[in-house]
Amino acid sequence: MTEKTFYITTPIYYVNDKPHIGHAYTCIAADVLARYHRLKGENVFFLTGSDENSQKNIVAAEKAGYTDMDQYLGIQAAIWQQAWDGLNISNNDFIRTTEERHKKGVYKFFDLVNEKGDIYKGVYKGFYCNGCEAFVTQSDLMEGNLCPIHKKPVETIEEENYFFAASKYRNAVLDHIEKNPDFIQPASRRNEVVNYIKDHFVDVSISRHFKTAKCGIPLPIDTEQAIYVWFDALINYLTGLGYGSEGEDFETFWPANIQLVGKDIIKFHCALWPAMLMAAGLPLPKKIFAHGFFTINGDKISKSLGNAIDPVELSMTYGVDAIRYFLLREIRFGEDGDFSFERLKERYESDLAKGIGNFASRVLTLAAKVPAKDLEDTDALDDEDAQAMIETAWSTYNTALDNCGLEEALRVVWECISWGDKYIEQHKPWELVKEDPSHFANTMVLLVEVLRHISVMIYPFMPETAEKLWRQLDIEALERAQEGQKLIEWQPGTVSRPSKGDSLFPPLIS
Ligand code: ME8
């Protein structure tokens, strides 16, 4: 039997600044899904990266006083990679669009589309900012015709460049969307894309003359022109797997199972990208999931408002897992939501410190009092209610995560915690320890088993916390998870002697 594979991607981000919590949100969500599929024993490839052939990066480099673009991009790409490491993002690769391997794949792709007859010369008309030395889009402009960076009026420029005959694929893309209801998720976004394709999907200019574009991959058929950033950037999803280079990852993993994007770039991914793939004769990704946007205290995250929150700094105060948990729990995945420190602190106290932290501490403290000999004969989960609760929890959890229901899956885990808290209140193990040692041992073994299931369920979301729990539960799961072995179908087994460690979520120092 061939091994099941799972390929998940995030957008590649512009590196003209450091990452903020919006970028972290996409990476954390993708990481949860990647880790979940690894737990299921699948062969997972998780790709993220940086979009470097953009005028935005040039403008930022100049502002920061860099004359050497490669140096600037190298420093910036490293900042993004370090941020993802700091947030425990388990990406298998990080693709930079200035890498040679990317350029090779872009050329291969471009040649296929060109040989198909889908590239032609035409006239492109657009707004041009002399300060940025770049075309700017209408939506970027301020107060009618001012460049948002230089606050000066933009010019209208016409230049001859190359077009991709995207409109040729208009009906085929619409047909694909209709026949594959899973292709665009959540379903609520599908109409937006369908209407856009019906009303606005035209051929797109895919190059800029180097006189007006200061960076980019030269067009193979006309080296005075640079490939326009989106036509180059989207291909990262292939080149990150080695498309155009040696290796077997492309054959193994393409088409992607899930391409995660923010709602801002859904049209590029659900209209232009499928048309490009069709032109190159490549299969389309199975699902494009567009999540919602975070605001901060109700405001859009923006440079001019100066309200961007650095996820790495945040994680130093609250802990990486608290941030991962908060971002995914606070809003239903797919919808918009707001970030506020008040809500973060509230959830930290109620769900983490008093929720899972307190439950784990109660169970582990009491379980440590069970004499070793009493542990050996007890049968974990010898209780119909507990068995039913765990079975239902796993099935709801799996269904949720199989459908990108990240917040729903977390809700299931917290229902298990409430169930456990109630069980403790009902059975009063602190009284049983003196009055009925055998009943006490059974009660604690059951609770340890419930905690063990919880520890596996939280692993994709809060890997550090899960690993701490595994150490405290004295089980080998840590090692097995690191080897990528299947943990999801964990059967109740002998219970090791748990020990109480440090508190999982210590009180916040305000
Ligand atoms: O668009 N809330 O890069 P980008 C949630 N390079 N997510 C947010 C967010 C917010 N407030 N702000 C940003 C680009 N994001 C292109 C992509 S892909 C071939 C090329 C996340 O740096 C979200 O995933 O502007 C969004 O789609 C992405 O960052 C945009 O990042």
Using Cβ contacts closer than 10 Å as the measure, can you line up Met389, Met457 from fewest to most? Met389, Met457
For the range 400-415, in order, what is each residue's ³J(HN,Hα) by Karplus, 6.51 cos²θ - 1.76 cosθ + 1.60 with θ = phi - 60°, in whole Hz (x at glycine and Pro)? 4, 5, 5, 10, 6, x, 5, 5, 4, 4, 5, 4, 4, 4, 6, 5
Rounded to 5, the percent of DSSP beta bridges in the chain classed as antiparallel: 50 percent
Among Phe109, Leu73, Ala166, which residue has its Cα positioned farthest towards the positive end of the charge dipole of the range 49-177, with +1 placed on the Cβ of Lys and Arg, -1 on the Cβ of Asp and Glu, and the dipole taken about the Cα centre? Ala166
Using Cα pairs closer than 8 Å and at least 6 residues apart in sequence, work out the relative contact order for the range 279-338, in percent. 48 percent
For the range 268-342, the convex hull over Cα atoms projects on average to an area in nm² of 7.1 nm²
For the range 381-480, size of Cβ-based charge dipole, Lys and Arg +1, Asp and Glu -1, in debye: 260 debye
Helix 21-39 against the longest principal axis of the chain: what's the angle in degrees, Cα atoms only, rounded to the nearest 10? 60 degrees
Please sort 263-275, 394-406, 28-40 by packing, taking for each peptide the average over its residues of neighbouring beta carbons within 10 angstrom, highest first. 28-40, 263-275, 394-406
Within the chain, cysteines having no neighbouring cysteine beta carbon under 4.7 Å are Cys27, Cys215, Cys270, Cys404, Cys416
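I need to check one value: relative contact order of the chain, counting alpha carbon pairs closer than 8 Å and at least 6 residues apart, in percent.
17 percent
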Exceeding the 29 Å Cα-Cα cut-off - candidates Lys18/Lys151; Lys18/Lys214; Lys179/Lys300; Lys18/Lys267; Lys121/Lys286: Lys179/Lys300; Lys121/Lys286
Extended-chain gain in nm, criterion 0.36 nm per residue less alpha-carbon gap, Asp199 and Ser418: 73.8 nm
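No value in this document is a laboratory result; all are computed from the given coordinates. Remember, it's a predicted structure, so these values are computed and weren't measured experimentally. Here Cβ is always computed from backbone atoms with ideal geometry, including for glycine, and neighbour counts include all displayed protein chains.
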